[in-house]
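Report on one structure; see the data block that follows.
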Amino acid sequence: MTTEEIMLWIQAAAVVVAVGASIVALTVSALDRRNARAIAARDREVAVRQAKLMFEMEALLRLAQIRRRGGHVDKDISKDMGAEAGALVGALGADRIPRNWAGAVDRDEAGLLEFISDESKEGWQRDSVEVQVALNAVTAELRDLMEAQGKA
């Protein structure tokens with residue numbers, strides 16, 4: 001074997017090693033990106049769940065404060081407390097506080113929509129129920145978002 005042939009073999013081996021190293025680097029990089037995406041998806045899911053739980057905790061603390069007062073001698077303040085309690089119960093939902101829900105809302109989506117379309121009910125009551133329907137829709141969207149984040 002001549003020196004030129006040896007040099008060609010060495011150059012060929014160097015090229016094969018470089019190509020192999022490049023393939024290994026690309027594979028490791030792809031696996032690392034996939035892992036980073038999975039970690040980021042879990043982090044987003046946890047952040048959304050944490051934000052939802054923090055909202056629920058604040059709403060429950062406020063509702064507990066209202067419930068423990070047991071009302072007020074001033075009728076207007078008592079009505080405001082009842083309205084706020086009803087809104088908080090609606091925001092928290094039947095899953096979180098079923099007994100309170102049964103006392104304040106106690107209707108499924110169809111029942112709420114029927115109440116809204118009932119012209120014999122007072123306008124402020126129908127408006128209040130419409131807000132409850134919108135609140136239910138936002139809650140459902142949040143759940144869908146959390147499920148989608150969990151699958152990503």
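No lab work stands behind these numbers, since they all come straight from the coordinates. Computed from a predicted model, the values in this text were never measured in an experiment. Every residue, glycine among them, receives a Cβ derived from its backbone with ideal geometry; neighbour counts consider all protein chains shown.
Brief remarks on what is shown
- Cβ crowding within 10 Å ranks L53, L63 as L53, L63, fewest other Cβ atoms first.
- Contact order relative to length of the chain, as percent, for alpha carbon pairs under 8 angstrom and 6 or more apart: 25 percent
- With the convex hull constructed from alpha-carbon coordinates only, the stretch 27-85 shows a mean projected area of 4.6 nm² over all directions.
- For the stretch 78-152, GluC sites (Glu not before Pro) meeting the loop criterion (DSSP other than H, G, I, E, B) and having at most 13 other Cβ atoms within 10 Å: E119, E122.
- Calculated diffusion of the stretch 54-93, Stokes-Einstein form, Kirkwood radius summed over Cα pairs, 4 °C and 1.567 mPa s, µm²/s: 126 µm²/s
- When each of S78, S22 is scored by the number of other beta-carbon atoms lying within 10 Å, the sequence from fewest to most is S22, S78.
- Helix-only CD estimate at 222 nm, as mean residue ellipticity for the chain, using -39500 (n - 2.57) per DSSP H run (n ≥ 4): -30500 deg cm²/dmol
- Pairwise centroid distance, computed over Cα atoms, of the stretch 122-139 with the stretch 92-115, Å: 11 Å
- In summary, the convex hull built on the alpha carbon positions of the chain has an orientation-averaged projected area of 15.1 nm².
- Under the Karplus curve 6.51 cos²θ - 1.76 cosθ + 1.60, θ = phi - 60°, whole-Hz ³J(HN,Hα) for the stretch 143-148, x wherever Gly or Pro sits: 4, 4, 4, 5, 5, 5
- Extension gain, L53-N35: 0.36 nm per intervening residue step, less the Cα-Cα distance, totals 3.8 nm.
- The ranking of S29, S120 from fewest to most other beta carbons within 10 Å of each one's beta carbon is S120, S29.
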